[in-house]
Amino acid sequence: MKFMRGVLWVMLLGAFLGFSTTFAMESSLNGRAQNVQIVRIDKTKHSPFGPVTIDVGDPVVLIVDDPAVFLKNKTATGLPMVDADVVKQHGDEALQLQSMLSVIGLARIGCVLSIIAAGAGLLFIKRFQGPILPPGVE
């Protein structure tokens, strides 16, 4: 019984630690993310003002750690441009912030469920803990 109580306390403390860690991770990711426009360079056209780019989708919030993927120019609205081909060549995919936050949300749900399970287990052990009698003794 004491072993099981110890396991449940370790589970409860680990779940609280994991739950609090998700907030630090979210803060770190939010600090590194930025709104960018993913573009492809059109090699068939030339301009004296820099490369001619073709937008790939709408602007997105990405976590990009490699400065080599950024182009020197910015979009007309002032967003930094990320070269999609350079990202693929380096093999480092830029992470979308929303995808990472959804994984963190799932981790939080798992931690909360672990907290509930460990708490319920501790309450169950406390409530039903009684003397263990040998068979035949009432």
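Summary table below
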quantity	calculated
Single unsatisfied condition, residue 26 versus (1) charged (D, E, K, R); (2) surrounded by 15 or more Cβ atoms within 10 Å (Cβ to Cβ); (3) over 24 Å from residue 110 (Cβ atoms)	(3)
Residues being surrounded by 14 or more Cβ atoms within 10 Å (Cβ to Cβ), within 13 Å of the chain's Cα centre (by Cα) and more than 14 Å from residue 27 (Cβ to Cβ) - total across region 104-117	1
Candidates 59, 80, 48, 67 - the one that is open to solvent by 60 Å² or more (accessible area, probe 1.4 Å), modelled with pLDDT of 85 or more and more than 30 Å from residue 3 (Cα to Cα)	59
Contacts under 6 angstrom Cβ, first residue in region 121-138 being open to solvent by less than 100 Å² (accessible area, probe 1.4 Å), partner modelled with pLDDT of 85 or more and assigned to a helix (DSSP H, G or I), 6 or more apart	121/8; 122/8; 125/5
Region 5-23, residues that are surrounded by 12 or more Cβ atoms within 10 Å (Cβ to Cβ), free of Cβ contacts under 8 Å to residues at least 60 places away in the same chain and over 22 Å from the mean Cα position of the chain (by Cα)	7
Given (1) loosely packed, with under 14 Cβ neighbours inside 10 Å; (2) among the aliphatic types (A, V, I, L, M); (3) assigned to a helix (DSSP H, G or I), index of the condition residue 100 fails	(1)
Hey, residue 63 touching a Gly at 6+ places or on another chain (Cβ under 8 Å) and farther than 30 Å from residue 115 by Cα or not	no
Residues satisfying the stated conditions in region 28-50, i.e. small (Gly, Ala, Ser) and under 12 Å from residue 97 (Cβ atoms)	28, 31, 33
Residue that is modelled with the lowest pLDDT [pool: residues in region 83-97 that are in contact with a strand residue (DSSP E or B) (Cβ under 7 Å, 6 or more places away or on another chain) and not acidic (Asp, Glu)]	94
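The values are calculated or read from the model by the stated rules, or taken from the named source; none is laboratory data. What you see is a predicted model; the values in this text were computed from it and never measured. Ideal geometry is used to build each Cβ from the backbone, glycine not excepted, and the neighbour counts take in all protein chains shown. These accessible areas exclude ligands, DNA and RNA; they are computed on the full protein's heavy atoms, side chains included. Shrake-Rupley method; radii C 1.70, N 1.55, O 1.52, S 1.80 Å.
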